[in-house]
Amino acid sequence: MALLTCNFFSETLGLSTSMTVILPQQTASQIGMESRGGQKKHKTLYLLHGFSDDDTIWTRRTSIERYVAELGLAVVMPNVHQSFYTDMAYGNKYWTFLTEELPLLARSFFPLSEAREDNFVAGLSMGGYGAFKWAIRHPERFAAAGSLSGALDMAYHIKDPSLPHMKHYFKLIYGDRELTGTPDDLLHSIARLGESDSPKPALYQCCGTEDFLYNDNLAFRAACEQSGYSLLTYEEGPGSHEWGYWDEHIQRFLNWLPLEKE
């Protein structure tokens with residue numbers, strides 16, 4: 001596998017930013033690795049970070065490079081700071097950057113497939129929210145999406161009195177607007193997708209029962225059940241909001257993905 005740090009200018013953000021990228025490499029003699037490659041355009045996983053992290057965190061806290069080696073899967077990890085993958089009320093347009101500019105730039109730099117069946121998105125915590133929002137609002141782009149300990153009920157969180165330290169951030173991101181019933185409300189969005197004729201990505205959702213976002217995940221699962229969204233794989237069990245849990249479950253997500261080893 002090739003591990004790259006890509007520094008580039010974003011027209012959407014009006015500033016220089018970065019993404020960390022893993023690319024498949026066909027090798028036969030690398031000790032301890034079975035790496036696959038060969039296809040002209042790589043299947044791609046967009047892997048999103050959480051609120052306190054950046055594009056380097058998945059490679060620093062997990063063995064994601066080793067996990068994807070035998071799958072022939074490219075991984076694109078962008079940096080969106082503390083934006084909740086949203087066009088901020090007082091800040092930059094990170095949703096537009098993520099969903100419109102980033103894929104085009106990544107495909108111009110690297111041989112990545114544009115086919116829906118070859119594209120996937122996942123993330124943890126804030127990144128789980130971003131991953132599901134991207135897949136649900138653009139179901140024509142992704143075959144599957146994953147949320148690990150995702151913050152999936154933001155319409156509740158921006159009003160949650162137990163999170164006073166987040167009030168400033170939520171103000172910068174969402175302003176004073178009501179999220180309930182908007183495209184930024186995942187419970188609303190999954191209900192609309194479940195009732196539509198749009199293509200529906202398979203969804204993988206997991207959360208530890210000791211995680212402070214556990215109730216978010218129960219609420220999202222209930223919204224899927226109520227809307228008849230049958231393409232949800234839900235897993236829960238002992239675990240909290242920490243990297244041991246995410247390292248284990250990113251492997252479970254990769255094994256669940258609808259792809260064959262190259």
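Scanning for something at positive phi, touching a strand residue (DSSP E or B) at 6+ places or on another chain (Cβ under 6 Å) and of a type in the set (Ser, Thr, Tyr), does the range 109-128 turn up at least one residue?
Within the range 109-128, none of the residues are at positive phi, touching a strand residue (DSSP E or B) at 6+ places or on another chain (Cβ under 6 Å) and of a type in the set (Ser, Thr, Tyr).
When you scan the range 143-186, how many residues do you find that are farther than 30 Å from Leu73 by Cβ and of a type in the set (A, V, I, L, M, F, W, C)?
8
Name, by its number, the condition in (1) of a type outside the set (S, T, N, Q); (2) crowded, with 20+ Cβ neighbours inside 10 Å; (3) within 30 Å of Ser113 (Cα to Cα) that does not hold for Asp197.
Status for Asp197: all satisfied but (2).
Name the pairs: first residue in the range 183-212 and over 20 Å from Thr86 (Cα atoms) and in contact (Cβ under 8 Å) with a residue 40 or more places away in the chain, second residue among the acidic types (Asp, Glu) and surrounded by fewer than 20 Cβ atoms within 10 Å (Cβ to Cβ), Cβ to Cβ under 6 Å, at least 6 apart or on different chains?
Qualifying pairs under 6 Å: Pro199/Glu140; Cys206/Glu235; Cys207/Glu236.
Restricting the search to the range 194-223, which residues are assigned to a helix (DSSP H, G or I) and at pLDDT below 95?
Keep residues of the range 194-223 that are assigned to a helix (DSSP H, G or I), which gives 194-195, 214-223.
Result: Gly194, Glu195.
Of everything in the range 116-148 that's in contact (Cβ under 8 Å) with a residue 60 or more places away in the chain and assigned to a loop (DSSP other than H, G, I, E, B), which residue is nearest to the chain's Cα centre (by Cα)?
In this case the residue turns out to be Ser125.
Six or more apart or on different chains, Cβ atoms under 8 Å: show the pairs whose first residue is in the range 77-98 and on the phi > 0 side of the Ramachandran plot and whose second is charged (D, E, K, R) and crowded, with 24+ Cβ neighbours inside 10 Å.
Tyr85/Lys133
Conditions tested, residue by residue: (1) closer than 26 Å to Gly239 by Cα; (2) buried (at least 22 other Cβ atoms within 10 Å of the Cβ); (3) out of contact with any helix residue (DSSP H, G or I) (no Cβ under 8 Å at 6 or more places or on another chain).
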{"position": "Leu152", "(1), (2), (3)": "yes, yes, no"}
{"position": "Ala155", "(1), (2), (3)": "yes, no, no"}
{"position": "Ile173", "(1), (2), (3)": "no, yes, yes"}
{"position": "Asp176", "(1), (2), (3)": "no, no, yes"}
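Quick check on the range 59-89: of everything there that is outside any helix (DSSP H, G or I) and of a type in the set (Val, Ile, Thr), which residue is farthest from the chain's Cα centre (by Cα)? It would help to see each step written out before you state the result.
Applying the first criterion (outside any helix (DSSP H, G or I)) to the range 59-89 yields 62-63, 70-89.
Imposing the further condition that a residue be of a type in the set (Val, Ile, Thr) reduces the set to 62, 75-76, 80, 86.
Working: Thr62: 15, Val75: 11, Val76: 10, Val80: 12, Thr86: 13 Å.
Of everything passing the filter in the range 59-89, Thr62 is farthest from the chain's Cα centre (by Cα).
Please find, within the range 233-258, the residue that is farthest from Ile57 (Cα to Cα) out of those that are surrounded by fewer than 17 Cβ atoms within 10 Å (Cβ to Cβ) and among the hydrophobic types (A, V, I, L, M, F, W, C). Outline the logic, then answer.
Residues of the range 233-258 surrounded by fewer than 17 Cβ atoms within 10 Å (Cβ to Cβ): 233-238, 240, 242-244, 247-248, 251-252, 255-256, 258.
Pick out the ones that are also among the hydrophobic types (A, V, I, L, M, F, W, C) and you get 243, 256.
Values: Trp243: 10, Trp256: 22 Å.
The residue in question is Trp256.
The values are calculated or read from the model by the stated rules, or taken from the named source; none is laboratory data. Worth saying up front: this structure is predicted, and the values here are computed from it rather than measured. Positions of Cβ are backbone-derived with ideal geometry, glycine not excepted, and every protein chain shown enters the neighbour counts.
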